[in-house]
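Just dropping this structure here.
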Amino acid sequence: MNVSVVCPHCMEVGSVKQEEFTVSKMCTKCGDSFLDAKPLTANAVILEYFMQNSDLPIVVDFWAPWCGPCISMAPHFEKAALAMPLEAQFLKINNDNEQTLGSKLLIVNIPAVLMFKEGKEIARFTGMRSSKQIQKWVRENI
């Protein structure tokens, strides 16, 4: 079965066979690996693009540069993303720059991590978590 995935490097929509998820799968446009999937810095438009084009769950970290726990969690979020390529796609959105989106999604406290599947929010947590805790939370909710 093929799964649509947005390349985290060039934003091209690619198709990956599920049985190839653990094999180095390269983007046909830019040649970079889907497995090297650091969180992508995003905004409302990019989030919408991922929700419309990716069959994978989308995990979004809403953060702000002045937020100590957000800064502390950032390397853990990146480590979780790198540990889970093709299980979920990870985005980071600066809540200060996307206040309309944050209000629409009822982001009250940050860091706030939301998971979307098929364009709908399916889970969220607030507060700092380790990479292992983030991975466990993602796997419990996909």
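Can you list residue pairs whose Cβ atoms sit under 6 Å apart, with the first residue in the stretch 47-58 being touching a residue at least 24 places away in the same chain (Cβ under 8 Å) and the second being assigned to a helix (DSSP H, G or I) and open to solvent by less than 40 Å² (accessible area, probe 1.4 Å)? Count only pairs 6 or more apart in sequence or on different chains.
Correct list of pairs: 58/50.
All but one of (1) more than 10 Å from the chain's Cα centre (by Cα); (2) over 16 Å from residue 137 (Cβ atoms); (3) open to solvent by 40 Å² or more (accessible area, probe 1.4 Å) hold for residue 16; state the number of the condition that does not hold.
(3)
Is it the case that residue 67 is in contact with a Cys (Cβ under 6 Å, 6 or more places away or on another chain) and either surrounded by fewer than 16 Cβ atoms within 10 Å (Cβ to Cβ) or at pLDDT 80 or above (or both)?
On the way: in contact with a Cys (Cβ under 6 Å, 6 or more places away or on another chain): no; either surrounded by fewer than 16 Cβ atoms within 10 Å (Cβ to Cβ) or at pLDDT 80 or above (or both): yes.
Spelling it out, it is not the case that residue 67 is in contact with a Cys (Cβ under 6 Å, 6 or more places away or on another chain) and either surrounded by fewer than 16 Cβ atoms within 10 Å (Cβ to Cβ) or at pLDDT 80 or above (or both).
Count, please, the residues in the stretch 103-123 that happen to be farther than 16 Å from residue 51 by Cα and open to solvent by less than 90 Å² (accessible area, probe 1.4 Å).
Summing the residues that are farther than 16 Å from residue 51 by Cα and open to solvent by less than 90 Å² (accessible area, probe 1.4 Å) in the stretch 103-123 gives 5.
The values are calculated or read from the model by the stated rules, or taken from the named source; none is laboratory data. None of these values were measured; they are calculated from a predicted model. Cβ sites come from the backbone with ideal geometry, for glycine too, and all protein chains shown count toward neighbours. Just so you know, the surface numbers come from the protein's heavy atoms only, side chains and all, with ligands and any DNA or RNA stripped out. Shrake-Rupley method; radii C 1.70, N 1.55, O 1.52, S 1.80 Å.
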